[in-house]
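A short worksheet on the structure shown next.
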Amino acid sequence: MTKTVRICDVTKDYGSVKAVRGASFELGEGELVALIGHNGAGKTTLMKLMLGLIRPSSGSIEVLGDNPAAGEFAGRRQLGYLPENVSFEAALTARETQAFYARLKREPVAKALDLLDAVGLGSASRRRIGTYSKGMRQRLGLAQALIGRPRVLLLDEPTTGLDPELRQTFYDVIARLASEGATVLLSSHALTELEERAGRVIIMNRGVKVADGSIEELRRLARLPTRIRLKVSGLAPHEMPAWAPADAICRRLNGHFVEIDAAPERKIELLHRATALGNSVEDVDVIPPTLDELYAHFLRQSEQPS
Amino acid sequence: MNVLMIAAKEIHQAIRNRWVLAATLLLAGLALSLTFLGSAPTGNVGVRTLDVVIVSLSSLTIFLVPLIALLISHDAIVGEMERGTMLLLLSYPVARWQVLLGKFLGHLSVLAFATCLGYGLAVGALAATGGQIDTDSLLAFVAMIGSSVLLGAAFVAIGYLISALVRDRGTAAGICIGLWLLLVLIYDMALLGVLALDQGRNISAAALNAMLLSNPTDAYRLINLTGFANVSTFAGMAGLAQSTSLTVPVLLIALLCWTLVPLGLAALAFSRREL
C-alpha cells in the first residue's frame, strides 16, 4: 500500500499551549480514517499542518510527496480539503466559486459544476453565497473538496449541518473514493456514524495520539466487555436467573431484560450458558462496545498516569 | 496563471460588491465638480483651463486615491483570514506570493479603472463644453492619471503590508486611517513648520529632498505640480520647481519603490504567517 501522508514525531505549540505532541502516523491509499477527539484535541491542527497552513515546531510531514512546511504545493492539485466552518466570498455565486476553484486545480470546469448538482445545490447554485444557509455552504464545501479526483481528502467535521439524506450520500461518495484508492481522513463528533464506515480510527487527546487501529483492534486493546442482553420471561422484577454467572456483572433492565457484561473471551461461553437447559430466554442481543465507549475508554486510559 | 485567476476573481468581486461603481462615481463626481466649479475664480477666458484642472485634480488625488487604496487593501489579508476564506484558498495549489500579487493586480485594476474613467470624464466634459485643450496640457493630464494610479499602487501595497502584519481587521483599519492622516495631512504641515522655523539655516536642500521623497504623496505632488512648466505656474510651485533637483524620473522611481518595497515586505510577512 502506497503511503500518501506521513506524519513523523510532529509537535506543534502555540506559545505555551501544545496543540499536538509527538504525533506519528502514516496514511495509505484507499484508507478511510476517522480522526476523533474532543474539541482542542489537535484534530484541526493536524489537518492544517498537512496543508502547510501552519508549520510544525518539530518533526516532519509529507503529503503526496510534498513537504508542506517548506511551502511545496504541487501535490495539492490532488488534495481536497473541507475546513470546519467553511466560508466563501459572499458576493459570488456557488457556480462562480466552484469554477474558480476548478481552474486553480487545472480541472475541467464543467465536471466541477456537475458536483454542485451531486451535492444537491441545484438551482440555488446561481444565487449569491451570502444568501445561503449553513447547510448549503457545507454542501458547497463538499463540492469544492471533491473537484478532480482527489488522492487525499481532509475533511474537518464534514457532516455538521447536513441533513440525514445528504449525510448518506456523502458517506457513499467518500466510500467510493476510498475504494478507488483515495486516502480519506475525516474528523467528526458523530461517532456512531463513523463506526460502520471508518476502516481505521485515530483517537487524539490533548494533542497526543492515544489509539490508532481498526475498530476491531481497538476493541481487542480496550478489552471492554461485550454486553449480552437477554429477554427473559417468568422472573420477578429484581430476581436474577439461576444460570447468571457469579463472576460477571449482571443487571436487570426494565423488568424484562437481563444484561451481562461479558469479557471478550467469555462471550461464547456465557451465551451457551444462558441459552442452554431450556431457560426462559426469548431473545438475545449481543452488543459489542461502541466507538463511543472505546473513545471514552482510551481517553480515561490516557488521563491516568501510568 | 494563478496570479491572473486570482486577479480576475478580485475584479469580479469588486464589481459585484459595487466597489468599482462607488470609486468611479466618487472620483468622477468630484472631478467634474472641480472642473466646473474650480474654474470659477480664474474664469474661462484666455486661461489654459486644463492646466488649472490638473492642479485641482492632483490635489484631490492626494486626499482621495490613498484613502480608496487603503480602504480596498487593508482588509485583503487579515480580513480574508478572519472570514475564513483564506484557509480554503491556501489549501489549493497556489503559493502565497501568487495570492498577494493576484490581489494586487486586481485591486490596482479597479483603482486604475476608476481613476481613468472618473478623470477622463472630466476632460471629456471640458472638451464638450468648448474648453481649449492643447497637446501639452493633454500630455500633462495623461501623466497625472498615470502617476495617480502609481500613487494608488503605493498605497495598496502599504495597505497589504499592514494587513499582513496585524492580528485583526479593526487594527488594520485603525492603522491605515492613522497612516493616511500622517502622510496626507500631518507630514506636510510638520514639514512646513520645520522649514519656517529653521529659516534655511540647518536643513540643506539634500535633506529637504530626502524628506520629500520619504512621503509618496509628496513625490506625487512634485511630479504633477512641478513636472510640467505650464502647470507649475498655476500651482504656484514654479519657484520650488526651479530650486529642487528632484527630476521626474527620480520621483517616479521613488513612487515605484514605495510600491515594490511594501509589497515585497507584505509577501514576506504573509509567507511567515500561520493561520
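Derivation of every value follows stated rules applied to the coordinates shown; laboratory data play no part. Worth saying up front: this structure is predicted, and the values here are computed from it rather than measured. Positions of Cβ are backbone-derived with ideal geometry, glycine not excepted, and every protein chain shown enters the neighbour counts.
Observations on the structure shown:
- Positive contributions from Lys and Arg (+1) and negative ones from Asp and Glu (-1), summed over other residues with Cβ under 14 Å from the Cβ of residue A:128, come out at +4.
- Counted over the protein assembly as shown, the DSSP beta bridges are approximately 70% antiparallel.
- Added length on full extension, which subtracts the Cα-Cα distance from 0.36 nm per residue, residue B:275 to residue B:167: 37.8 nm
- The stretch A:1-46 shape via C-alpha gyration tensor axes, a/c threshold 1.5: oblate
- Average other protein chain Cβ within 10 Å of Cβ, residues A:83-92: 5
- Peptides B:105-116, A:84-95, ordered by how many other C-beta atoms sit within 10 Å of their residues on average, highest first, read B:105-116, A:84-95.
- Helix-only CD estimate at 222 nm, as mean residue ellipticity for the protein assembly as shown, using -39500 (n - 2.57) per DSSP H run (n ≥ 4): -17000 deg cm²/dmol
- Per-residue average of Cβ from other chains inside 10 Å of A:95-103: 3
- Sorting the segments A:40-49, A:174-183, B:23-32 by their residues' average number of neighbouring beta-carbon atoms within 10 angstrom, most packed first, yields A:40-49, B:23-32, A:174-183.
- Relative contact order for chain B: 29 percent, from Cα pairs under 8 Å spaced at least 6 residues apart, divided by residue count.
- Computed over neighbours whose Cβ is under 14 Å from that of residue B:11, the net charge equals +1, Lys and Arg +1, Asp and Glu -1.
- Taking all Cα pairs closer than 8 Å and separated by 6 or more residues, the relative contact order of chain A comes to 19 percent.
- Reachable aspartates and glutamates, given that their alpha-carbon falls under 14 Å from the alpha-carbon of residue A:267 and they are not under 8 places away in the same chain: A:247, A:259, A:285
- The mean sequence distance of close C-alpha pairs (under 8 Å, at least 6 residues apart), as a share of the length of the stretch A:225-288, puts its relative contact order at 51 percent.
- Pairs from the table (A:48/A:105; A:43/A:231; A:3/B:9; A:3/B:103; A:18/A:105; A:209/B:9) lying more than 30 angstrom apart at Cα are A:43/A:231; A:3/B:9; A:3/B:103; A:18/A:105; A:209/B:9.
- Inter-chain Cβ neighbour average for residues A:257-268, partner chain, 10 Å: 0
- Antiparallel %, DSSP beta bridges [both residues in the stretch A:3-220], to 5: 55 percent
- Of all the options B:204, B:58, B:147, the one that moves most in a Gaussian network model of chain B with Cα springs shorter than 10 angstrom is B:204.
- Overall form of the stretch B:2-272 per C-alpha gyration tensor (a/c, 1.5; a/b vs b/c): oblate
- For the stretch B:60-107 and the stretch A:201-254, distance of Cα centres in Å: 56 Å
- Tensor-based shape of the stretch A:3-220 (alpha-carbon gyration tensor, a/c under 1.5 rounded, otherwise prolate or oblate): prolate
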